[in-house]
């Protein structure tokens with residue numbers, strides 16, 4: 001905290017960090033964060049250096065600064081919070097404490113937070129997201145690397161190849177598969193389903209069908225067409241434009 005008469009000089013990187021974390025706090029207000037923590041039963045039972053609300057912001061910040069280690073991300077977050085609070089000190093815990101705090105928090109608060117904020121963002125006259133009165137949405141899937149541990153390989157599985165002897169050689173990291181319903185133009189995720197690497201995109205997409213509505217024009221690539229999934233999607237009243245294989 002600068003004393004009277006002192007100048008606070010922000011480098012471009014530090015300013016960008018504070019803007020990024022500020023946007024994070026705007027998208028996920030503290031009151032909402034506290035609400036999902038309480039709903040998930042994840043609120044701490046005693047005073048800690050890392051309360052659950054701060055841990056949740058820390059996990060979100062990890063996604064903003066994916067090229068940095070956890071300790072460095074926490075230092076950025078702590079510095080921004082101290083700056084925003086005008087001198088209130090936020091201690092930076094050890095790596096072990098950060099890991100323990102993430103374990104205590106668990107995944108449920110993050111799942112609930114996503115479900116409460118995930119929604120379309122475009123206005124009706126946005127030509128990127130609307131066409132002839134239809135709200136343009138898309139179904140798509142991808143894979144994400146997860147930590148290279150035996151437990152994750154057992155749970156998620158991952159890619160692999162066979163050598164000349166026919167032995168399976170696994171890839172560098174286990175992976176989870178995600179299928180999402182997104183708004184075209186803004187790329188805002190409206191809903192998403194996670195599964196193991198061996199889950200097919202069609203299998204996961206079934207859980208997204210209830211989010212389709214009349215007035216939507218839903219795009220999908222050639223991994224999705226199939227009689228049952230098409231019938232379920234069409235029954236929602238949404239219009240469908242899906243690619244097919246040859």
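Since every read-out is calculated from the coordinates, none of them should be taken as a lab result. Everything numeric here is computed off the predicted structure, so don't read it as measured data. Don't worry about glycine lacking a Cβ; one is built from the backbone with ideal geometry, like all the others, and counts go over all protein chains shown.
Please pull out the direction-averaged projected area of the stretch 100-178, using the convex hull of its alpha-carbon atoms, in nm² to one decimal place.
The directionally averaged projection comes out at 9.2 nm².
If you rank 66, 216 by fewest surrounding Cβ atoms within 10 Å, what's the result?
Arranged by neighbour count, lowest to highest, 66, 216 become 66, 216.
What do you get for the angle between helix 30-39 and the principal long axis of the chain? Use alpha-carbon atoms, 0 to 90 degrees, nearest ten.
Between helix and principal axis, roughly 70 degrees.
Of the candidates 52, 150, 188, which one comes out as most mobile in a Gaussian network treatment of the chain with C-alpha springs shorter than 10 Å?
Fluctuation is largest for 150.
By count of other Cβ within 10 Å, fewest leading, how are 76, 111, 246 ordered?
Ascending Cβ contact count within 10 Å gives the list 246, 111, 76.
Nearest 5 percent is fine: what portion of the DSSP beta bridges confined to the chain is antiparallel?
Given both bridge residues lie in the chain, the antiparallel proportion sits at roughly 70 percent.
May I ask for the angle, rounded to the nearest 10°, between helix 12-27 and the longest principal axis of the chain, with both axes built from Cα atoms and the value confined to 0 to 90°?
On a 0 to 90 degree scale, this one is about 60.
Only one of the values [x] 17.0, 56; [y] 19.1, 60; [z] 21.9, 74 was calculated from this structure for Rg and Dmax of the Cα atoms in Å; name its label.
Step by step, Rg and Dmax of the Cα atoms in Å for this structure corresponds to label [z].
Where does the stretch 160-216 land on Rg(C-alpha)/(2.2 N^0.38 Å)?
Its radius of gyration relative to the 2.2 N^0.38 Å reference: 1.60.
Of 37, 209, 49, which is the most mobile in a GNM of the chain whose springs link Cα atoms less than 10 angstrom apart?
Comparing 37, 209, 49 in the GNM, the peak value goes to 49.
Taking the Cα atoms of the stretch 130-242 alone, what are Rg (to one decimal) and Dmax (as a whole number) in Å?
16.8, 57
Given springs between every Cα pair under 10 Å in a Gaussian network model of the chain, which of 63, 180, 42 has the largest fluctuation?
In this elastic network of the chain, the residue with the biggest mean-square fluctuation among 63, 180, 42 is 63.
In whole Å, what is the distance between the alpha-carbon centres of the stretch 172-202 and the stretch 139-159?
The stretch 172-202 and the stretch 139-159 have Cα centres separated by 12 Å.
For 149, 168, 143, 55, what ranking results if the residue with the fewest other Cβ atoms within 10 Å of its Cβ goes first?
Result, fewest neighbours first: 168, 149, 143, 55.
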